[in-house]
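As structure tokens, the structure follows; a few thoughts come after it.
The values are calculated or read from the model by the stated rules, or taken from the named source; none is laboratory data. A quick note: this is a predicted structure, and the numbers were derived from the prediction, not measured. Cβ coordinates were reconstructed from backbone atoms using ideal geometry, including for glycine residues, and neighbour counts include every protein chain displayed. Remember, those area values only see protein heavy atoms, side chains included, never the ligands or the DNA or RNA. Shrake-Rupley method; radii C 1.70, N 1.55, O 1.52, S 1.80 Å.
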Amino acid sequence: MIVMEETIKKEKFVIKGLAGRKTLSGSISISGAKNVVLPIMASSILFEDGFTATNVPEIEDVKRMGELLEQIGVGVEQKNKNTYSFKIKKQFNKELNKEISKKMRASILLTGPMLARFGEVHFPHPGGCVIGKRPIDLFVNGFEKMGAEIKDENDGYKIYTKNGKLNGAEIFFNLQSHTATETFLMAGVLAKGKTVLKNCAMEPEIKNLADFLVSHGAKINGAGTSTIKIIGSGLLKDKKIKYVTMPDRIETGSFLILGALSAKKMVIEKCNPDDMEVVINILKESGVNIKTTKNEIIVENNNSKQIFNGVNIKTHEYPGFPTDLQAPMTIFLTQAQGESTMFETIFEGRLNYTENLVRMGAEILVWNPYKIEIKGPRKLKGKKLESPDIRAGLAFVIASIIAKGESEIDNVYYIDRGYENIEGKLSGIGVDIKRTESSQ
Ligand code: EPU
């Protein structure tokens, strides 16, 4: 039932820009978060039976994770749009599909639950977006601490446990890693005894994953803080509580930036403003008019001549400024008055897309692979672009909307990996965007 990757069409977006006018208006709804639904899906391997999840975003990465699970031994069924059930089959495969894993970094999330349940896992070096080296030393070290043996072979890694079980362990992560925290959180659920994770990532998705696992029988304490304790308690059982995927923080922030730059009034619905504090603070300090309710963010430009001030931003683990909003925020800074700096501290290859913004008319000085200076405001012109990764791809969409003239963005697959029905949502607030077949 799930489409295999080979059938993916090559498509592009054609966007007619607003030439800086702030005319968009209406409501835009936030989908479930990619970076929580992927670990939630991976956690199905910890279940005796399975579970149902709702508000699952209809995005390519969810399809790829579904394909990986089907091949491992989890039945994935789409019940309705945005609702999926996951059911454990009788036979398991201990090897991750190479083609998909090589292209999707999040495949590494499966290694923790697989090793904890099957005592063995084989996987290629996981790939993903071109945003730096993305090593896996934290995973290798952590699995060794839990008693596993690792063989690094030509075509990937083979990890074994001696007696088919991982042992609980104390693991200190030398740096905060989102997926390493989630992987070991899940591994601890089926490990023997107690696992203590230190210097954990503290993103809201991690607490959300832990709450979900606890609601189905896991014993976890401290998720959302830097130390997490897990008592291995055996296979989880479906408690018939439907999991509702939490709203996507990165989609929320991207639409907020788009609203600040090009909307008369935009209401961002079904989001969680509490998770967005740093982004809302910085934009407000720069001069953006933002109001929040419990589940909405309203961004309004009453004065079309409103000037935004430049700001200096450093990406940081949560609750700091998210690296996944670095590219959209850079677009914002091209339209802010004066000099701004953007300091990317998480990934080393994540500023390469800015050369395309310069082609569009932005004034950006590259200090080094981690830091750029942006002088604004500068008028942008529509260009032919290619989406290099999920987040820079969406940043190009925002840049094309504010630019003068027409832009074409190729490699739409990258944008579809992380955003549901992006052209439908944007058309709904007045963006002239069309999806067409790519000539490439
Ligand atoms: N790192 C290591 N060794 C490891 C693991 C990570 O050195 O074994 C380094 C990375 O190279 C990076 C830093 O640790 O410099 C932090 O990376 P992290 O492991 O937190 O990133 P990730 O877990 O691979 C997740 C998101 C990313 C998001 C980052 C940072 C998922 C599926 N992916 O990646 O999202 O950018 O956290 O918040 O949750 C995206 O959605 O487009 C995306 C790239």
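Of note:
- Taking helices (runs of 4 or more DSSP H) as the structural unit, those lying wholly within segment 1-108 and holding at least 1 residues that are within 16 Å of the ligand (Cβ to nearest atom) and modelled with pLDDT of 95 or more correspond to 34-42, 60-72.
- Residue ID - least open to solvent (accessible area, probe 1.4 Å), chosen from residues in segment 189-239 that are of a type in the set (D, E, K, R) and farther than 15 Å from residue 176 by Cα: 238
- Unmet requirement for residue 164, which otherwise passes all of (1) away from the ligand (no atom under 14 Å from the Cβ); (2) touching a residue at least 24 places away in the same chain (Cβ under 8 Å); (3) in a strand (DSSP E or B): (3)
- Applying the criterion of being open to solvent by less than 10 Å² (accessible area, probe 1.4 Å) and among the hydrophobic types (A, V, I, L, M, F, W, C) to the residues of segment 167-188, the residue that is nearest to the ligand (Cβ to nearest atom) is 180.
- Screening the candidates 83, 111 for the property of being of a type in the set (Ser, Thr, Tyr) and within 27 Å of residue 173 (Cβ to Cβ) yields one hit, 111.
- From 199, 174, 141, 208, residue being in contact (Cβ under 8 Å) with a residue 40 or more places away in the chain and either within 25 Å of the chain's Cα centre (by Cα) or at positive phi (or both): 208
- Residue list for segment 385-440, filter: in contact with a Cys (Cβ under 9 Å, 6 or more places away or on another chain) and among the hydrophobic types (A, V, I, L, M, F, W, C): 390, 392
- Where a residue in segment 261-284 is at pLDDT 95 or above and its partner, wherever it lies, is of a type in the set (Lys, Arg), with Cβ under 7 Å and at least six apart: 262/22; 263/22; 264/22; 275/249; 276/249
- Residue list for segment 351-385, restricted to those being part of a strand (DSSP E or B) and among the hydrophobic types (A, V, I, L, M, F, W, C): 364, 365, 366, 367, 372, 374, 385
- Subset of segment 335-349 (residues that are more than 16 Å from the ligand (Cβ to nearest atom) and not charged (D, E, K, R)): 335, 336, 337, 338, 340, 341
- Residue list for segment 295-322, restricted to those being without any contact (Cβ under 8 Å) to a residue 60 or more places away in the chain and within 16 Å of the ligand (Cβ to nearest atom): 313, 314, 315, 316, 320, 321
- Flag for residue 374 being touching a Pro at 6+ places or on another chain (Cβ under 9 Å) and either modelled with pLDDT of 95 or more or open to solvent by 10 Å² or more (accessible area, probe 1.4 Å) (or both): no
- Qualifying residue in segment 131-139 (condition: touching a Phe, Trp or Tyr at 6+ places or on another chain (Cβ under 7 Å), at pLDDT 90 or above, of a type outside the set (Ser, Thr, Tyr) and closer than 27 Å to residue 48 by Cβ): no
The rows are residues; the columns are (1) out of contact with any strand residue (DSSP E or B) (no Cβ under 7 Å at 6 or more places or on another chain); (2) touching a residue at least 24 places away in the same chain (Cβ under 8 Å); (3) surrounded by fewer than 24 Cβ atoms within 10 Å (Cβ to Cβ).
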| site | (1), (2), (3) |
| --- | --- |
| 16 | no, yes, yes |
| 20 | yes, yes, yes |
| 34 | yes, yes, no |
| 47 | no, yes, yes |
| 75 | no, yes, yes |
| 80 | yes, no, yes |
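- Within segment 134-161, if we keep just the residues that are away from the ligand (no atom under 13 Å from the Cβ) and in a loop (DSSP other than H, G, I, E, B), the residue that is farthest from residue 211 (Cα to Cα) turns out to be 154.
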